[in-house]
Amino acid sequence: FATSDDQGRFVLRDLDRGVYDLIARRDGFAPSTKRGVEPAVEVRLVLEPGASLAGQVRTTTGDPVPAFTLLAFQVRGVARELIAARSVIDGEGRFREQVPEGDYELIVSAPGWAPAGPQAARTGDEIIVRLAAGAIVRGSVVSRDTHEPLPYARVMREARGGGTTAQPANAGTVTRLDGTFELTGVPPSTAIIPASMRG
């Protein structure tokens, strides 16, 4: 990636041969995308104000959720394209993203809560997303060879589009000294829970 200078110019260096998709982002503007770009070609990306995708994240009892991850996928027929991925900290649980006008699906997750979505949304509407407490999954991780418990193994719950921000949507934890773990905020459905560790 590169950051534009005070004239809006940028340079991406040391690229492999081939074609690229470029995305320009700045707070307060909808992202701009240019596809199929070849190296050594002068490219112009235009950022426009776009439309507002705004709302509030609450619990099922109506309390605001002050910290959460928001993933916004633009809906184009059967296709879904990730347009915004942001970790939000707001005492009232509010969010606002400038995006291209249109229809979206939102996925919202927060530590200790079951993720919400995909929830249909449209730019310009006031959106309310509600998070439920979810279930708890408890288990243990052991060695396949020795059946000994494995401490500090990474355990994740796979989620769509997670891991794109500092507060990823893929909820995870590490095992205790006796190899046991506890995942909270698991939605009421079948979940894939991979485990891994180094060594």
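Worth a mention:
- Hits in region 114-125 (condition: in contact with a Phe, Trp or Tyr (Cβ under 8 Å, 6 or more places away or on another chain) and surrounded by 14 or more Cβ atoms within 10 Å (Cβ to Cβ)): 118, 121, 123
- Among residues of region 28-49, those that are within 21 Å of residue 72 (Cβ to Cβ) and of a type outside the set (Asp, Glu), counted: 12
- All conditions but one from (1) open to solvent by less than 50 Å² (accessible area, probe 1.4 Å); (2) modelled with pLDDT under 75 apply to residue 97; the one that does not is (2).
- Restricted to region 126-147, and to residues there that are free of Cβ contacts under 8 Å to residues at least 12 places away in the same chain and not small (Gly, Ala, Ser), the residue that is least open to solvent (accessible area, probe 1.4 Å) is 146.
- Single residue of region 28-62 satisfying the filter (without any contact (Cβ under 8 Å) to a residue 12 or more places away in the chain and open to solvent by 50 Å² or more (accessible area, probe 1.4 Å)) that is nearest to the chain's Cα centre (by Cα): 61
- Filtered by the rule that a residue be of a type in the set (Ser, Thr, Tyr) and at pLDDT 90 or above, region 140-199 gives 140, 143, 146, 152, 175, 180.
- If you check 89, 107 for being closer than 22 Å to residue 134 by Cβ and open to solvent by 40 Å² or more (accessible area, probe 1.4 Å), only one passes: 89.
The values are calculated or read from the model by the stated rules, or taken from the named source; none is laboratory data. Everything quoted here is computed from the prediction, not taken from an experiment. FYI the Cβ positions are ideal-geometry reconstructions off the backbone, even for glycines, and counts take in every protein chain you see. For accessibility, only protein heavy atoms count, side chains too; no ligands or nucleic acids. Shrake-Rupley method; radii C 1.70, N 1.55, O 1.52, S 1.80 Å.
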